[in-house]
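J.: Dumping the structure here so I can ask a few things about it.
The values are calculated or read from the model by the stated rules, or taken from the named source; none is laboratory data. Bear in mind that the values here come from a model prediction, so they are computed numbers and not experimental data. For neighbour counting, all protein chains shown are included, and Cβ atoms are generated from backbone atoms with ideal geometry for every residue, glycine included. Ligands, DNA and RNA are excluded from the accessible area calculation, which covers all protein heavy atoms including side chains. Shrake-Rupley method; radii C 1.70, N 1.55, O 1.52, S 1.80 Å.
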Amino acid sequence: MELYKQILLKYWGYSEFRPLQEDIVRSVVEDRKDTLALMPTGGGKSITFQVPSLAQEGICLVITPLIALMKDQVEKLRSLGIKAMAIHSGMKKQEIDVALDNCIFGNYKFLYISPERIETEIFKARVQKMNVNLVTVDEAHCISQWGYDFRPSYLKIVKLREYLSVNAPFLALTATATPDVIEDIQKRLDFGTRNVLWKSFERKNLVYLVREVENKQKYLLKTLSKLRRRSGIIYTRSRKRTREIAELLQKNNISADYYHAGLEHDERARKQEDWQEGRNLVMVSTNAFGMGIDKPDVRFVIHYDVPDNIESYFQEAGRAGRDGKRAYAVLLYNDTDRVKAEQRIKNNFPEISQIKAVYEALGNYFQIPIEGGKNQAFDFNVSDFASTYHFSYVTIYNSLDFLQKEGYIELTDELSNRSKIHFWVNRDNLYNFQLSRAEYDTFIKLLLRSYTGVFTDYVNIDERYLARRANSRVEVVYRYLQQLKKFKILDYIPYKKSPMVVYTEERLDKRNIHISREKYRERKSLYISKLHQMIHYASNTTKCRSRLLLEYFGEMDAYRCGQCDVCASRNELELNDIEFNAIFNEIKDHLQHENLTSEQLVDRIDHPEDKVIKVIDWLLDNKNLLTTDHGELKWAGKRNQAGKS
């Protein structure tokens, strides 16, 4: 284990592993076992595959659907002097060709790919020549039909077992998984033996609160004015609202900024850095914010809107209190949220005929012939597409999301791809060109002085930086680069920022688009079930929130936390758990069969009258009991058992 700790200290500055990390490293390196590791948000998942790969000869394949995270991790590894590569949508064929060659011959340690790349011919041919020491499947819940983000492309990952020339172990990683998902992941990745490593999802320092408030902005101002020097995140579902809330906070002298995927890359990076370094304390964001960050002193995460499922909520809430000190996960909720949630069901599942119409319009928009376009990427201007074909934005995005999950296309969010260059000629031919075209000599020397690795790889460049160094205008730099590309001296890919659509299959006539009505209903049913479980969490007033979350993920022996809003309300009764649960269950048993007055109920329950009255009052306050027109009590229909709540 000494070697692993040396690597950990050398590259990351840690002398000891976090809980579970060491067990995972041993499992995949020493035991060579397929391993499924469940690690809560902030548990240090990346260390569990980065250290093992660095400890061995060869390269680690990392499969992830998150392109932004993929690019971020590659940049971080490179900053540590570790050779890493990413292949994702938006890269030209020439770029992919060079990248794969480097992974075979260039002593690279990590290759990040999206699952859609696995079945491409160029990847299948090249991966057989790589010395793969580990296959890491990040966001592994995506492979399960029972997961909240099932992606058919993940079903292709198991094919790697056929393509690889070596028998590399598989490491599947996820922050959240129910028991059904855990079983499904291992089955679909063809694990040799069942091998699951996990630690409890319990976060004893994290206080879960639900606040039922009508005026959420007023609540934010009141609460954050008391937490002026505390760092936190506010999650909302709307890009527009991120800005509105941030501006509201700023006007009230609360240090805040906003973040969403539609911002420029440099602006997102600046905002994240300002927040990480404490120059801005509160980040108001969509769920685009949080991937790959590990800020330990986040004291609160507030959800302004109700998420689609408990998995998403748990991951996002878990970004608070990573330093082990007390932190708060707050969900703001009211009756309007329930109505909005039901509306989301309709929006997220357009009619099948509508999905096919969007697919047909998309092919026409890109002018792709039938049976053409496979593995081609296209810049996608959603505003232009919407106005051209008269679809609403909601219909477009949800139809494309469904088509992506059915495996017909891949849709990226807005990616900022920096400008790149790669010299096509070798040094000797470049020198001859410089002699014959002296007017380019100074500029070529500037490129070679400014950037390394340009003969072996595509390298990010900054035209403004080059212009400053040359004491010239940016337009002149652009012109030189375009001319050198025209002369086939180098390949120049200018900066661009746009979403992209990739056709993972050839374009079909819409009559041949097969969307199974059974699958459609299954997807919709699963979405509704998970959304309703999230609503149940928000509206629950009797069961410890921590315990409710832990039971969702299969930890059935959890006890109440004693500090969430439900437990705090319970604590005021001055009853121990045994007394409360016994009285609670007796009240429920009686009132599920008939309505009774308070006096009748007290008479029927064999516990001290004052304690029974306390529980009755508590249940009335929390709307578990209602009073009829005749003054009787009736059970309000809550079906959860108190148990150890």
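J.: Within the range 278-295, which residues are modelled with pLDDT under 90 and surrounded by fewer than 21 Cβ atoms within 10 Å (Cβ to Cβ)?
T.: Across the range 278-295, the qualifying residues are 287, 288, 291, 292, 293, 294, 295.
J.: Just give me the residues in the range 179-194 being open to solvent by 20 Å² or more (accessible area, probe 1.4 Å) and either at pLDDT 90 or above or aromatic (Phe, Trp, Tyr) (or both), in sequence order.
T.: Scanning the range 179-194 gives 179, 180, 182, 183, 187, 188, 190.
J.: Among 373, 321, which is the only one that is part of a loop (DSSP other than H, G, I, E, B), on the phi > 0 side of the Ramachandran plot and touching a Lys or Arg at 6+ places or on another chain (Cβ under 6 Å)? First the steps, then the outcome.
T.: Numbers: 321 fails: touching a Lys or Arg at 6+ places or on another chain (Cβ under 6 Å).
Going through 373, 321 in turn, just one is part of a loop (DSSP other than H, G, I, E, B), on the phi > 0 side of the Ramachandran plot and touching a Lys or Arg at 6+ places or on another chain (Cβ under 6 Å): 373.
J.: Let me spell it out: the conditions are (1) modelled with pLDDT under 95; (2) out of contact with any Phe, Trp or Tyr (no Cβ under 7 Å at 6 or more places or on another chain), and residue 206 meets all of them except one. Which number is the exception?
T.: Going through (1) modelled with pLDDT under 95; (2) out of contact with any Phe, Trp or Tyr (no Cβ under 7 Å at 6 or more places or on another chain) one by one, residue 206 breaks only (1).
J.: Moving on. Between a first residue in the range 543-571 that is closer than 16 Å to residue 205 by Cβ and open to solvent by less than 30 Å² (accessible area, probe 1.4 Å) and a second residue that is of a type in the set (Val, Ile, Thr) and modelled with pLDDT of 90 or more, which pairs have beta carbons less than 8 Å apart while being 6 or more apart in sequence or on different chains?
T.: So the pair list comes out as 544/566; 545/210; 545/566; 549/310; 564/207.
J.: Can you confirm whether the range 231-240 contains a residue that is open to solvent by 40 Å² or more (accessible area, probe 1.4 Å) and either under 30 Å from residue 559 (Cβ atoms) or touching a residue at least 24 places away in the same chain (Cβ under 8 Å) (or both)?
T.: Yes.
J.: Working only within the range 5-43, note down all residues that are out of contact with any Pro (no Cβ under 6 Å at 6 or more places or on another chain), under 29 Å from residue 188 (Cβ atoms), in a helix (DSSP H, G or I) and open to solvent by less than 20 Å² (accessible area, probe 1.4 Å).
T.: 21, 24, 27
J.: Answer yes if at least one residue in the range 619-637 is assigned to a loop (DSSP other than H, G, I, E, B), over 29 Å from residue 563 (Cα atoms) and open to solvent by 60 Å² or more (accessible area, probe 1.4 Å), and no otherwise. Talk me through it step by step, then tell me what you get.
T.: Restricting attention to the range 619-637, the residues satisfying the condition of being assigned to a loop (DSSP other than H, G, I, E, B) are 622-624, 628-632, 636-637.
If we keep only those that are over 29 Å from residue 563 (Cα atoms) as well, we get 628-632.
When the remaining residues are screened for being open to solvent by 60 Å² or more (accessible area, probe 1.4 Å), the result is 629-630.
The answer is yes, given that some residue of the range 619-637 is assigned to a loop (DSSP other than H, G, I, E, B), over 29 Å from residue 563 (Cα atoms) and open to solvent by 60 Å² or more (accessible area, probe 1.4 Å).
J.: Oh, and also: Can you list residue pairs whose Cβ atoms sit under 6 Å apart, with the first residue in the range 198-210 being within 12 Å of residue 549 (Cα to Cα) and the second being in a loop (DSSP other than H, G, I, E, B) and hydrophobic (A, V, I, L, M, F, W, C)? Count only pairs 6 or more apart in sequence or on different chains.
T.: Pairs that qualify, where the first residue is within 12 Å of residue 549 (Cα to Cα) and the partner is in a loop (DSSP other than H, G, I, E, B) and hydrophobic (A, V, I, L, M, F, W, C), are 201/553; 208/564.
J.: What residue, of 478, 537, 458, 492, is surrounded by 16 or more Cβ atoms within 10 Å (Cβ to Cβ), of a type in the set (Phe, Trp, Tyr) and without any contact (Cβ under 8 Å) to a residue 24 or more places away in the chain?
T.: Unique residue meeting the criteria: 478.
J.: Check whether at least one residue in the range 234-241 is more than 22 Å from residue 549 (Cβ to Cβ) and among the aliphatic types (A, V, I, L, M), and report yes or no. Give the steps one after another, and end with the answer.
T.: So in the range 234-241, the residues more than 22 Å from residue 549 (Cβ to Cβ) come out as 238-241.
Filter once more, keeping what is among the aliphatic types (A, V, I, L, M): none.
Among the residues of the range 234-241, not one is more than 22 Å from residue 549 (Cβ to Cβ) and among the aliphatic types (A, V, I, L, M), which makes the answer no.
J.: Right, next: In the range 381-468, which helices (runs of 4 or more DSSP H) lie fully inside it and hold 1 or more residues that are under 23 Å from the mean Cα position of the chain (by Cα)?
T.: Numbers: elements: 382-389, 393-405, 427-436, 441-450.
Filter on the range 381-468 gives 382-389, 393-405.
J.: Mind checking whether some residue in the range 433-440 is of a type in the set (Lys, Arg), within 30 Å of residue 117 (Cα to Cα) and either open to solvent by 10 Å² or more (accessible area, probe 1.4 Å) or at pLDDT below 90 (or both)?
T.: No, the range 433-440 contains no residue that is of a type in the set (Lys, Arg), within 30 Å of residue 117 (Cα to Cα) and either open to solvent by 10 Å² or more (accessible area, probe 1.4 Å) or at pLDDT below 90 (or both).
J.: Sticking with this structure for a sec: Just to be sure I understand, how many residues within the range 44-57 are under 15 Å from residue 73 (Cβ atoms) and not in a helix (DSSP H, G or I)?
T.: Looking only at that region, the number is 1.
J.: Report, by residue number, each residue of the range 128-149 that is open to solvent by less than 40 Å² (accessible area, probe 1.4 Å), part of a loop (DSSP other than H, G, I, E, B) and within 29 Å of residue 201 (Cα to Cα).
T.: 138, 139, 144, 147, 149
J.: Still on this structure: Among what's in the range 88-114 and is more than 19 Å from residue 137 (Cα to Cα) and part of a loop (DSSP other than H, G, I, E, B), pick the residue that is most open to solvent (accessible area, probe 1.4 Å).
T.: Result: 107.
J.: On to the next question. Working carefully through the options 446, 466, find the one that is within 21 Å of residue 496 (Cα to Cα) and open to solvent by less than 50 Å² (accessible area, probe 1.4 Å).
T.: Only one candidate passes the filter, namely 466.
For (1) farther than 17 Å from residue 53 by Cβ; (2) at pLDDT below 95; (3) open to solvent by less than 10 Å² (accessible area, probe 1.4 Å); (4) part of a helix (DSSP H, G or I), each residue gets a yes or a no:
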{"residue": "73", "(1), (2), (3), (4)": "no, yes, no, yes"}
{"residue": "81", "(1), (2), (3), (4)": "no, yes, no, no"}
{"residue": "86", "(1), (2), (3), (4)": "no, yes, no, no"}
{"residue": "125", "(1), (2), (3), (4)": "yes, yes, no, yes"}
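J.: If you don't mind, another one. I need the full set of residues from the range 153-168 which are in contact with a Leu (Cβ under 6 Å, 6 or more places away or on another chain) and more than 22 Å from residue 410 (Cα to Cα), in order please.
T.: 168
J.: Give the residue, chosen from 245, 310, 302, that is open to solvent by less than 40 Å² (accessible area, probe 1.4 Å), over 19 Å from the mean Cα position of the chain (by Cα) and among the β-branched types (Val, Ile, Thr).
T.: 245 is the lone residue from the list that is open to solvent by less than 40 Å² (accessible area, probe 1.4 Å), over 19 Å from the mean Cα position of the chain (by Cα) and among the β-branched types (Val, Ile, Thr).
J.: In the range 262-277, which residues are open to solvent by 30 Å² or more (accessible area, probe 1.4 Å) and not in a helix (DSSP H, G or I)?
T.: Selection gives 264, 277.
J.: A follow-up question, please. When you go through (1) on the phi < 0 side of the Ramachandran plot; (2) of a type outside the set (Phe, Trp, Tyr); (3) within 33 Å of the chain's Cα centre (by Cα) one by one for residue 483, which number turns out not to apply?
T.: (3)
J.: Using beta carbons and a limit of 8 Å, which pairs, at least six apart or on different chains, have the first residue in the range 84-105 and over 19 Å from residue 411 (Cα atoms) and the second one among the hydrophobic types (A, V, I, L, M, F, W, C) and open to solvent by 20 Å² or more (accessible area, probe 1.4 Å)?
T.: Qualifying pairs under 8 Å: 95/493; 97/122; 99/91; 100/122.
J.: Given the structure, is residue 492 part of a helix (DSSP H, G or I) and either over 30 Å from residue 620 (Cβ atoms) or modelled with pLDDT of 90 or more (or both)?
T.: It is false that residue 492 is part of a helix (DSSP H, G or I) and either over 30 Å from residue 620 (Cβ atoms) or modelled with pLDDT of 90 or more (or both).
J.: Restricting attention to the range 495-520, which residues are of a type in the set (Lys, Arg), open to solvent by less than 40 Å² (accessible area, probe 1.4 Å) and within 28 Å of the chain's Cα centre (by Cα)?
T.: So in the range 495-520, the residues of a type in the set (Lys, Arg) come out as 496-497, 507, 510-511, 517, 519.
Restricting the remaining residues to those that are open to solvent by less than 40 Å² (accessible area, probe 1.4 Å) gives 507.
None - no residue of the range 495-520 is of a type in the set (Lys, Arg), open to solvent by less than 40 Å² (accessible area, probe 1.4 Å) and within 28 Å of the chain's Cα centre (by Cα), so the list stays empty.
J.: Here's another thing I want to ask about it. Report, by residue number, each residue of the range 336-393 that is open to solvent by less than 40 Å² (accessible area, probe 1.4 Å) and either of a type in the set (Lys, Arg) or without any contact (Cβ under 8 Å) to a residue 12 or more places away in the chain (or both).
T.: 344, 386
J.: Go through the residues of the range 252-261 one by one and say whether even a single one is in a strand (DSSP E or B), at pLDDT 90 or above, open to solvent by less than 60 Å² (accessible area, probe 1.4 Å) and among the polar types (S, T, N, Q).
T.: For the range 252-261, residues in a strand (DSSP E or B), at pLDDT 90 or above, open to solvent by less than 60 Å² (accessible area, probe 1.4 Å) and among the polar types (S, T, N, Q): absent.
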